[in-house]
Amino acid sequence: MSVEREALPVDEAVRVARTNSRRRQVLNAAVRVMERTGFHQMSMQALADEAKVSVGLIYKYFGGKEDVLQATIVDILEAFRDQLEPAIDAAGDDPIERFVAGLRRYFQIVDENLDAVVLTYRESRTLDAEGRGRIKTLEVETSEPIRRELDAAVDAGVVSKALDVDLVVFDAMMLAHGWALKHWHFAERFTIDEYIDAQLELVLRTVYGSG
């Protein structure tokens, strides 16, 4: 006998959807404001004006500027974490193809969130020790799906056991971040797809050239 999951009442579902929409509105506005002024110069009134909401509504969802900043950084990291698995699973069973698919999606997410990625680099040091610790934990979690596939390739004997998987994975992630951090330079030379292909070629040379 199957047990159906009880759906939220309509009014509760509407409330949750509205809350998520408002939070997203504020976080997107925060990225734009901090890109222009930096975190320290951002006022809650400027954020409210950008988001087209009241200051009081922002405080309903966030405790203050620091909470907004942390939520903004967590949001982009969670996007990486949550969107890699479907791309990897769609690539089939070959561990290298799954590894490449995960990396390709990682690069694409960077391209879709250029300002937020730059903001993460520039402002994460502003967070307190607890906030920085949470960000570090999320960064490791973000790398895990890609790392798992490369570990599987090593275990299957597809690539050398001498490969430093941790180093390759984090180097590859840094190459992806480079699209955001040096976009002013690379965008003049490459489309995002051309950039991804060029960087994946470098990564795969390292993967197959190890040992």
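Taking the Cα centre of the chain as the origin and placing charges on Cβ (Lys, Arg +1; Asp, Glu -1), which of Pro86, Leu138, Ala46 is farthest toward the positive end of the dipole?
Ala46
Only one of the listed values, (1) 69, 42, 33; (2) 43, 39, 30; (3) 59, 58, 34, was derived from the coordinates as Cα extents along the principal axes in Å; which label is it?
(3)
Can you spot the lysines whose alpha carbon is less than 24 Å from Lys182's alpha carbon? Ignore those fewer than 8 places along the same chain.
Excluding near neighbours in sequence, the set is Lys136.
Classify the range 75-198 from the C-alpha gyration tensor, please: rounded if a/c falls under 1.5, else prolate or oblate depending on whether a/b exceeds b/c.
Working: a/c = 1.89, a/b = 1.30, b/c = 1.46.
The shape class here is oblate.
Let's see if you can work this out: charge +1 on each Lys and Arg Cβ, -1 on each Asp and Glu Cβ, no other charges. What is the dipole magnitude of the range 45-201 about its Cα centre, in debye to the nearest 20?
Magnitude of the dipole: close to 540 debye.
With r defined as the distance between the Cβ atoms of Arg81 and Ser43 and R0 fixed at 35 Å, what FRET efficiency is calculated, to the nearest 0.05?
0.65
What residue among Met174, Ile192, Leu27 has its Cα farthest toward the positive end of the dipole of the chain, where the charges are +1 on Lys, Arg and -1 on Asp, Glu, each on the Cβ?
It is Leu27.
A short reminder: the numbers here are calculations on the coordinates, not readings from a lab. This structure is a prediction, so every number in the text was calculated from the model and none was measured. Cβ atoms come from the backbone with ideal geometry, glycine included; neighbour counts cover every protein chain shown.
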